[in-house]
Amino acid sequence: MVRPRVEVRLDEGAVAVAAVDIVERVVALNPHAVLALPTGRTPIAFYAELVERERTGRIELSQVRSFNLDEWVGIPSTHPATYARFMEEQLFSRLRNRPTACYIPDGTAADLDAECARYEIAIREASGFDLAVLGIGNNGHIGFNEPGTPFDARTHVAEVALVTRQNNAYSFPDGQPPSRAITVGIATILDSRSILLLATGASKAAVLERALAGPVDSQIPASVLQRHPDVVIIADVAASACLSRKL
Ligand code: PGA
């Protein structure tokens with residue numbers, strides 16, 4: 001088994017630089033690359049670096065297609081905490097040239113299962129992800145694939161774990177995130193030709209160690225990445241504090 005490659009960088013800014021280096025290589029090799037993109041606190045520095053390189057002409061994203069990993073269910077697109085809004089603010093509106101297509105699940109769809117099926121088909125029609133960029137939740141989730149999610153899950157409506165709702169309360173004016181979200185499934189993520197997981201801050205140290213050095217276990221969804229042949233983890237010093245040198 002090829003183990004995920006772990007790269008340790010000093011801080012969040014250095015993690016962002018190393019991560020965008022990888023995106024730059026993928027897009028240079030294939031300008032039509034299909035990217036899966038994360039939200040949350042971790043990728044903010046990553047998007048700032050990506051915007052900087054796009055605006056200075058080092059990277060061209062205009063022919064790329066992007067698929068966000070997830071979206072909250074039941075909040076309107078005007079709500080400040082939607083991931084659609086996050087992506088506009090952190091990435092899309094700041095680029096000189098937007099990607100050809102930027103897909104985000106519609107968490108307001110009347111028929112959520114049909115929306116999940118539609119999203120999964122759109123990913124398949126794009127020939128899947130060339131690179132999936134992921135964060136990791138404090139409970140080991142990837143996307144909103146919370147502990148216990150089957151590894152063969154495709155895009156689906158997920159019940160968001162309490163700890164995840166608590167961790168995301170900051171972005172909701174009333175401190176109450178929805179209890180459900182649409183997420184790309186674990187199987188869809190594993191189909192990606194390459195995977196890049198970003199982890200920053202001491203709060204991720206213990207779960208990162210369990211995901212990489214523990215058994216593959218659906219209670220730590222990110223541990224399934226041990227089964228993928230092309231995974232790079234970029235972590236800052238704080239997030240990698242529990243990793244042994246053997247990894
Ligand atoms: P965070 O979330 O970047 O806000 O810590 C990561 C995740 O839940 O994937």
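The values are calculated or read from the model by the stated rules, or taken from the named source; none is laboratory data. If you're wondering where the values come from, they're calculated on a predicted model, not measured in any experiment. Quick reminder, even Gly has a Cβ in these numbers, built from the backbone with ideal geometry, and neighbours come from all protein chains shown.
The conditions of being within 16 Å of the ligand (Cβ to nearest atom), in contact with a helix residue (DSSP H, G or I) (Cβ under 8 Å, 6 or more places away or on another chain) and free of Cβ contacts under 8 Å to residues at least 60 places away in the same chain are not met by Ile142.
Taking segment 6-100 as the region of interest, the helices (runs of 4 or more DSSP H) fully inside it that hold 3 or more residues being among the aliphatic types (A, V, I, L, M) are 12-29, 43-55. For segment 110-146, the set of residues classified as assigned to a helix (DSSP H, G or I) and either surrounded by 15 or more Cβ atoms within 10 Å (Cβ to Cβ) or of a type in the set (A, V, I, L, M) (or both) consists of Leu112, Ala114, Glu115, Cys116, Ala117, Arg118, Tyr119, Glu120, Ile121, Ala122, Ile123, listed by residue number.
Results for (1) within 13 Å of the ligand (Cβ to nearest atom); (2) in contact (Cβ under 8 Å) with a residue 40 or more places away in the chain; (3) buried (at least 17 other Cβ atoms within 10 Å of the Cβ), shown as yes or no for each residue.
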| position | (1), (2), (3) |
| --- | --- |
| Arg25 | no, no, no |
| Val34 | no, yes, yes |
| Thr39 | yes, yes, yes |
| Phe46 | yes, yes, yes |
| Gly74 | no, yes, no |
| Leu91 | no, yes, yes |
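Limited to segment 181-203, what total is found for residues that are under 13 Å from the mean Cα position of the chain (by Cα) and either in a loop (DSSP other than H, G, I, E, B) or under 26 Å from Arg25 (Cβ atoms) (or both)? Going through segment 181-203 one residue at a time, the tally reaches 13.
Can you name the residue in segment 204-226 that is assigned to a helix (DSSP H, G or I) and of a type in the set (Gly, Ala, Ser) and is also nearest to Glu12 (Cα to Cα) among such residues? Among them, the one singled out is Ala205. Filter segment 154-170 down to the residues that are outside any helix (DSSP H, G or I) and within 16 Å of the ligand (Cβ to nearest atom), then identify the one that is nearest to Leu190 (Cα to Cα). The extreme case among them is Ala158.
Candidates Thr183, Thr188: the one that is among the polar types (S, T, N, Q), modelled with pLDDT of 95 or more and away from the ligand (no atom under 15 Å from the Cβ) is Thr188.
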